[in-house]
Amino acid sequence: MKHFAVIFLVCLLINSQATWSAEIDSDKDGLSDYQERHKYFTEPDMKDSDGDGLPDGDWHERREFTYTVRSVVKVMRPCDPAVMHDDYQDVRLLSETKDYVELEVIHYPFNTNDKSIKGKKGWKRQRPELSPYLQPGLSTNFDDEMKADLLAALQAEKLNVLTMTDKQTVENVAAWLINRGKYRYMFGTYFVHFSQGKIEIYPGLEGAFRHEKGNTTLPFSEHCQHEVYGKGMFYNKSYGTCTSMAIYLTTGLRAIGIPARMVLAIPCVDGNDQKQVQMIKDHISHNEVRQSLLKAIGGLRGFAAHTFNEVYVDGRWRRLNYRTLAQNIYGDGAMGLLTHIHTFNDLSESGLTKTWGWRYGKGERDEIFKTSNPYRTLEISDRFGIYSKLVNPTVEIKKHKVITITKAYWHNSENAPDLVKKSDWATPIGTGRLFIHGDEWFKGEHYTQYKTFMRKADPNFKLVATQVPEVKGSLSLSYITDESTGVREMEILIPPEEYVKLKRGVAYKLVPFNENKNYNWKVKSDLRITIE
């Protein structure tokens, strides 16, 4: 009973910290009415929903009426268990050292949080406790000038934040900010710090910063105005990878009066470690969840984590993942299944550079974290609560064995889709970037469905034409999908020494090597590729 009392008290404290309000708990079982309705599916007005003598707030009882995934994970600091209890997961600390924490995480993937947001008018009058999430920071550095320019630009687009609900404001303004800017591969955010308010490359990480900032030739101070500073990103119409995007959106949303902050999350297992991937195969019994996790993790090699936003909308902190308000912990946009491990107000307060950034930039490995990721899952399993009504349907495993290439274009050509034109990740100078369009697609399947085929099929291609040397290239494993517009494009990189062989005006035929006979590329017979 003493152990339960401690957990009960900690959960109450964490819960109040997470929502900035005294949540209603009608039956006094330690769970808020909101989370009983949308997360646990227990009865908000019954302290003991199943009548077994234990309150719903007991660590195990709260799993009785729903489906859950449990994991035990070690995570490098900074990782703050005090902010990890939220509308999607429960967390308790198992052990800790000065370098990492070991956590038990209960995920609630089939919550109904997205159904709960109605939106409020009059949201400009925010609670005093939310003031820290409305102020500019060192990286989220909006000012009165930017605020005025942003509101004027929104007004010109007929987006009046004074007449919209907070839900409508967040969804519309986030989409507008993203569409207004241009993505370029820049991942320097983990290698900088702020010394006495001034941004600097962290000593010892100069090489990592140069490598990860992408093909920009800008001086350091100017580069930061395109990737790290929210105001600079707004005026330069530029942003980088997810941490940069989170800073950009935090800055813009705060400037118009929406409380915003940033959260860091990790996938449920490290995709570089096949032992961890095997645990999903062995211990996740829900057929659809298992396949979904395996597909997502199959596309996550190398360093994998995700920074996105939380915004205060309709009286609660809600996740905002790019354009998606109430991003779920599970499914598309969630790397399969995400674990929220850290919350911060500004990049300068995140504490990531000295640990995560240093480890990644230096390529460090150790006995605890053996791959490029600063986390490791020790256990993962799922549970159908005894009173859960969730079914477990059989899932047909679909795999592409043939992909037919029906279109091909250089990434900056006029006829390339906008998503391809905007793709600007780092490649060696002089490299040719040829995108190919795949014809086959399983509707309703996970967006990573091409990843398995790309890993299995021969990645090598050549461009051939009469009376000119052939030119070789290979698949980069980078790809872009957006089924709403029919975009499913894969990238072939042609190294500089091959790219210079291409003759302008010559119509080349794309020829796959197809050494793996079980996974074949086909090319439309009349497809030709030309450099003008």
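What to note about this one:
- Lone unmet requirement of (1) more than 16 Å from the chain's Cα centre (by Cα); (2) part of a loop (DSSP other than H, G, I, E, B) for Gly357: (2)
- In the set Lys451, Lys501, Lys517, Lys509, only one residue is assigned to a loop (DSSP other than H, G, I, E, B), among the basic types (Lys, Arg) and either within 20 Å of Ser413 (Cα to Cα) or touching a helix residue (DSSP H, G or I) at 6+ places or on another chain (Cβ under 9 Å) (or both); that residue is Lys501.
- Matching option when the condition is touching a residue at least 24 places away in the same chain (Cβ under 8 Å) and buried (at least 24 other Cβ atoms within 10 Å of the Cβ), among Gly331, Gly336, Gly271, Gly302: Gly336
- Subset tally (residues that are out of contact with any helix residue (DSSP H, G or I) (no Cβ under 8 Å at 6 or more places or on another chain) and either of a type in the set (Gly, Ala, Ser) or surrounded by fewer than 17 Cβ atoms within 10 Å (Cβ to Cβ) (or both)) for segment 348-385: 13
- Hits in segment 360-417 - residues which are touching a Gly at 6+ places or on another chain (Cβ under 9 Å) and closer than 30 Å to Leu103 by Cβ: Gly361, Lys362, Thr371, Ser372, Asn373
- For the residues Lys456, Lys443, Lys451, the requirement of being in contact with a Gly (Cβ under 9 Å, 6 or more places away or on another chain) and of a type in the set (Lys, Arg) singles out Lys451.
- Residue in segment 386-400 that is surrounded by the most Cβ atoms within 10 Å (Cβ to Cβ), counting only those that are within 30 Å of Glu491 (Cα to Cα) and touching a Phe, Trp or Tyr at 6+ places or on another chain (Cβ under 6 Å): His400
- Evaluated against (1) assigned to a loop (DSSP other than H, G, I, E, B); (2) farther than 23 Å from Leu294 by Cα, Trp441 falls short on exactly one condition, (2).
- Looking only at segment 178-237, and only at residues there that are small (Gly, Ala, Ser) and part of a helix (DSSP H, G or I), the one that is nearest to Gly137 (Cα to Cα): Gly230
- Within segment 109-129, the set of residues being surrounded by fewer than 16 Cβ atoms within 10 Å (Cβ to Cβ), assigned to a helix (DSSP H, G or I) and touching a residue at least 60 places away in the same chain (Cβ under 8 Å) comprises Asp114, Lys115, Glu129.
Read the figures in this text as sums done on the coordinates, not as results from a lab. Bear in mind that the values here come from a model prediction, so they are computed numbers and not experimental data. No Cβ is skipped: glycine too gets one built from the backbone with ideal geometry, and neighbour counts run over all protein chains shown.
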